[in-house]
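Read through the structure below, which is laid out as structure tokens, and then see the notes.
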Amino acid sequence: MRTAYAPHRQIASSRGFATSAVSSVRATGGVATFGFTSRTKGVNLAVSTAAIATSAVATAVATTNTTETKEAIPMDALPFDKVTLYQYDVCPFCNKVKAMLDFHGVPYDVVEVNPLTKGEMKFSKDYKKVPILVVDDEQINNSSEIMRWLEEKVPSAMQLKKKNGTNKSTSKQSEKELLWMKWVDDRFVHVVTPNIYRTLGEAFDSFDYITVRGNFNFFERQAARLSGAVSMYLISQNVLKKRHGIEDERKELFSDLNKWTTEAVGGNAFCGGSNPNLADLAVFGVLRAVKTFQTFEDAMAECPETKTWYKRMEIEVGGASRSDGIEN
Ligand SMILES: N[C@@H](CCC(=O)N[C@@H](CS)C(=O)NCC(=O)O)C(=O)O
């Protein structure tokens with residue numbers, strides 16, 4: 001069955017981070033993200049710090065390669081025809097959405113947005129952050145809103161829940177899922193960010209990634225590499241950590257991950273019980289975004305419970321169902 005959607009109806013989120021579109025080094029303004037913009041000699045140098053994460057250099061990851069390609073849901077079985085994700089490749093919020101799409105095997109196109117010009121997002125008049133998901137003619141903004149929207153629309157998600165019975169959305173379970181999803185957006189992302197800029201070396205590693213996976217022209221790329229790492233290191237130390245009350249970023253990351261596995265996952269396989277719920281996918285997405293960085297390696301070494309849960313999630317999520325064949 002196909003549903004007719006209103007053209008580009010926007011589902012705007014009221015709970016999104018308050019970063020401005022031309023964000024963040026207005027770092028004082030609400031950089032809750034891996035993304036920032038700095039001004040260098042009049043050039044508006046926006047760098048997806050989301051970049052943070054995935055260096056194209058596939059450094060040995062403390063996980064096994066379990067990402068078998070999962071069979072994608074045939075488009076015919078879905079209530080829509082075309083799914084396009086506008087993203088910065090390693091933006092943690094975009095990675096939440098990719099985890100969701102991959103988990104359900106929904107085929108999707110990816111448009112890598114140039115963070116300087118945002119030319120690819122001209123169609124979006126008021127909302128200038130990523131991720132944006134366009135499904136046929138409908139635009140959905142904000143990672144958590146997108147995940148919820150997909151959960152309602154993608155039949156396999158519902159079937160999975162019915163079949164197993166353990167993931168029933170009782171109000172208690174929904175509350176738990178909501179609580180931890182909020183924790184990811186309000187806390188976890190902000191703990192991961194300063195970790196990837198913890199030292200100048202780590203900040204440079206992060207920005208090396210941008211030069212490989214981000215959508216920059218040659219000049220933007222060089223500028224981003226040179227100024228991005230230093231800027232983000234300083235911003236992270238002087239602004240982000242203070243804003244989120246973080247002293248020792250590694251220590252707090254480990255403690256947050258232990259909190260996640262103890263309180264959210266508990267004695268179960270997942271926060272969602274025997275199946276992942278949206279909170280599992282959100283935490284997984286944020287971690288997968290940084291999987292080639294020292295932060296991730298340290299976290300897996302220091303938090304064995306998280307490593308076990310992450311491996312379980314890797315199997316559940318499977319390979320990327322994006323149409324360009326690039327792994328997430
Ligand atoms: N609450 C939003 C936050 C999205 C967000 O802040 N995205 C960053 C990239 S990581 C962004 O687009 N910042 C604006 C910019 O780069 O200009 C969500 O969950 O989707």
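Working from label points 7 Å from Cα in the Cα-to-Cβ sense, the Met75 to Thr117 distance is 2.7 nm. Mind checking the range 94-147 for chymotrypsin sites (Phe, Trp or Tyr not before Pro) that DSSP puts in a loop (not H, G, I, E or B) and that have at most 10 other Cβ atoms within 10 Å? Filter output for the range 94-147: Phe123. Taking 28 Å as the limit for the C-alpha separation, the pairs Lys122/Lys291; Lys122/Lys242; Lys182/Lys251 exceed it in the case of Lys122/Lys291; Lys122/Lys242.
If you wrap the tightest convex hull around every Cα atom of the range 214-312 and split its volume per residue, you get 123 Å³. The GluC sites (Glu not before Pro) of the range 250-328 meeting both criteria, a DSSP state outside H, G, I, E and B (loop) and at most 15 other C-beta atoms within 10 angstrom of the site's C-beta, are Glu327.
Taking other residues whose beta carbon is less than 10 angstrom from the beta carbon of Thr295, and scoring Lys, Arg as +1 and Asp, Glu as -1, yields -2.
Read-outs throughout are calculated quantities, based only on the coordinates presented, and are distinct from any laboratory measurement. Keep in mind that this is a model prediction, so the values were computed, not measured. FYI the Cβ positions are ideal-geometry reconstructions off the backbone, even for glycines, and counts take in every protein chain you see.
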